[in-house]
Amino acid sequence: MSALTLLLVLIALALLFDFLNGFHDSANVVATIIASRAMSARGALALAALANLAGPFLLGVAVAETVGAEVVQAQALSIAVVLAALLAASLWNVATWYFGIPVSSSHALVGGIVGAAASASGFAAIQTSGLWKIALALIVSPLAGFVMSVVIMQATLWLLRDATPKANVALSRAQVLTATALALAHGANDAQKTMGVIAMGLLTLGFIPAFYVPWWVVVLSASAIALGTAVGGWRIIRTLGTRFYRIHPIHGFTSQFASAAVILGASLAGGPVSTTQVVSMSILGAGAAERKSKVRWSVLNDIAVAWALTLPATALLALPLYHLIELMLGHGGR
C-alpha cells in the first residue's frame with residue numbers, strides 16, 4: 001500500500017474520529033442552554049458548530065503539539081500505531097454514545113496512542129513527562145471546573161439576591177455569550193487532538209520533515225468537529241441537561257462560564273483536557289453551590305466509572321488492533 005493511500009486512510013479515520021468527537025461532545029456545549037430554554041436546540045447546535053469551527057484559528061494549536069509530539073517517542077511512531085489509536089478511540093466513542101454515557105474523547109485517544117505504541121515498541125516508547133502533563137491537565141481541570149462553578153454561582157446568587165424573576169431573561173441572554181465562549185474553547189482543545197494525530201501520520205509517512213500542523217489539517221479537523229457538533233448527540237444531551245437536576249438559566253450561565261474559563265486556559269497552555277469532565281463537574285458545582293441536596297449525585301457515579309474505564313479500555317483495545325493493522329499492511333506499517 002502506497003504512502004499516499006495510507007495517508008488518505010489515516011485522514012479519513014481521523015476526520016471520522018473528529019466528527020464523532022463533535023457529535024459526542026456537542027452535549028457539553030449545548031446541554032445546559034437547551035435545558036434552561038435559553039435557546040432552541042437547533043439554534044444552540046448551529047451556534048456551537050460555528051464557534052467550534054473558529055476555535056482553532058483564534059486560539060492556536062498548542063494542544064496538537066502536546067498530543068502529537070510529547071506522548072510517544074518519534075522513533076516508536078508508525079502509521080499502524082496512529083491508525084490503531086484512532087480506531088480504538090472511535091469504537092469506544094460509538095459504544096459509549098449508544099448507551100448515552102458522556103465519556104472523555106481525550107482519554108480515549110491518549111489511551112489508544114499509549115496502547116498501540118506499547119504494543120509496537122514496549123512501554124519504554126512512552127514519554128512519561130508528556131503523559132504526566134496530559135494526566136495533570138485531565139485530573140486538575142474537572143476539579144477546577146467544579147470549584148470555579150461553585151464560586152461563580154455563589155457570587156451570582158449574592159449579586160442577584162434582590163433581583164426579580166426578570167433576571168432570568170438577562171441570564172438567558174448571557175448564556176448565548178458563555179455558550180459561544182465554551183464552544184470556542186472546545187474547538188480549540190478537542191479539534192487539536194485530531195490535528196496532532198494527522199501530523200503524526202504525516203511525519204511517519206515522510207510527508208513533513210519535522211512535527212508541525214499544516215494549515216489544511218487545521219481546516220479539515222475544525223470542519224469535521226463542527227459538523228459533528230451540528231448533528232448533535234441527543235442521548236448525551238439528555239444526560240447532562242436533565243439527569244443531574246432541573247437546570248435554570250442561572251445554572252447554565254454559571255456552569256458554562258466556569259467551563260469556558262478552564263478549557264480556554266488549558267488550550268492556551270497546551271493541556272488537552274476532557275470537555276466532558278469539565279462541563280459535568282461545572283454543572284454539579286453550580287447545583288451544589290445552591291443546595292447540595294439539589295444534585296442527583298448517583299448519576300455521577302455511573303459517569304465516573306466510564307471515565308475511569310476509558311483510558312485502560314482504549315489502551316487494551318488498541319493492542320490487538322495494532323497487530324491486526326500490521327498484519328493487513330504486511331508488516332509494512334512503518
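Remarks
- Residues considered: S106, S78, S36. Of these, the only one that is touching a Ser or Thr at 6+ places or on another chain (Cβ under 8 Å), buried (at least 24 other Cβ atoms within 10 Å of the Cβ) and over 27 Å from L136 (Cβ atoms) is S78.
- Check on W92, over 28 Å from P249 (Cα atoms) and either without any contact (Cβ under 8 Å) to a residue 24 or more places away in the chain or surrounded by 14 or more Cβ atoms within 10 Å (Cβ to Cβ) (or both): yes
- Residue within segment 140-147 that is surrounded by fewer than 24 Cβ atoms within 10 Å (Cβ to Cβ), out of contact with any helix residue (DSSP H, G or I) (no Cβ under 8 Å at 6 or more places or on another chain) and within 20 Å of S104 (Cβ to Cβ) present: yes
- Filter result (under 26 Å from V63 (Cα atoms) and either aromatic (F, W, Y) or without any contact (Cβ under 8 Å) to a residue 40 or more places away in the chain (or both)) within segment 254-304: F257, G265, A304
- Selection status of I139, modelled with pLDDT under 90 and farther than 23 Å from S255 by Cα: no
- Taking the criterion of being in contact with a helix residue (DSSP H, G or I) (Cβ under 9 Å, 6 or more places away or on another chain) and either of a type in the set (S, T, N, Q) or outside any helix (DSSP H, G or I) (or both), the residues of segment 164-203 that qualify are N168, S172, Q175, T178, T180, N189, Q192, T194.
The values are calculated or read from the model by the stated rules, or taken from the named source; none is laboratory data. These figures come from a predicted structure and were not determined experimentally. Because the Cβ atoms are built from the backbone with ideal geometry, glycine has one as well, and the counts that use them run over all protein chains shown.
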